[in-house]
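Here is the structure we will look at, set down as structure tokens.
The values are calculated or read from the model by the stated rules, or taken from the named source; none is laboratory data. Small disclaimer: the values here were computed from a predicted structure and weren't measured. No Cβ is skipped: glycine too gets one built from the backbone with ideal geometry, and neighbour counts run over all protein chains shown. Just the protein is used for accessible areas: all its heavy atoms, side chains included, with ligands, DNA and RNA removed. Shrake-Rupley method; radii C 1.70, N 1.55, O 1.52, S 1.80 Å.
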Amino acid sequence: MAARFYTDNGFEIIARNWRAGRREIDLIVRKQDVIAFVEVKASVGKKFGHPIERVDKKKIAHMTDSARQYIISNDLSGVDFRFDVITFQSGKLEHYPNAFEVA
């Protein structure tokens with residue numbers, strides 16, 4: 001459903017479940033000169049809080065490291081990029097573009 005959200009909004013899916021060693025980026029999408037590295041989080045109920053709360057400092061560090069590896073290995077210097085989060089809770093999709101900045 002997250003991939004469909006992006007394609008419906010004019011993005012091209014570049015990769016799904018892209019791996020950098022043991023780390024993974026759920027989706028990598030592109031629209032014109034912008035690449036978004038996307039984390040997808042879901043939960044069935046509210047027992048464990050909102051899924052966005054599980055994108056912690058450690059997850060952000062892993063995503064940014066993996067994204068750097070992707071950018072270098074694909075010679076994408078000069079391309080704008082961002083980090084998005086898509087959450088699903090009780091069937092509701094929420095999109096957080098530019099969810100966090102690279103430190």
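Annotations
- Under 5 Å, built H, 5+ apart or other chain: amide partners of Phe100: Phe83
- Excluding ligands, DNA and RNA, the accessible surface per residue across the chain is 63 Å² with a 1.4 Å probe.
- For region 1-78, the gyration tensor built on C-alpha atoms gives an oblate shape. Its axis ratio a/c (a ≥ b ≥ c) is at least 1.5, and a/b is not larger than b/c.
- Carbon/sulfur fraction of accessible area - region 15-77, other protein chains in place, 1.4 Å, %: 50
- Rounded to the nearest 10 degrees, the inclination of helix 57-73 to the longest alpha-carbon principal axis of the chain is 30 degrees.
- Of the trypsin sites (Lys or Arg not before Pro) in region 1-96, those whose Cβ has at most 14 other Cβ within 10 Å and which sit in DSSP loop: Arg22, Lys46, Lys47
- Beta bridges per DSSP with both ends in the chain, % antiparallel, nearest 5: 65
- Formal net charge of residues neighbouring Arg54 (Cβ-Cβ distance under 14 Å; K, R +1; D, E -1): +1
- Under 21 Å of direct C-alpha separation, and excluding same-chain neighbours fewer than eight residues apart, Lys46 reaches these lysines: Lys59, Lys92.
- Computed helical MRE - 222 nm, the chain, DSSP H runs ≥ 4 contributing -39500 (n - 2.57), nearest 500: -7000 deg cm²/dmol
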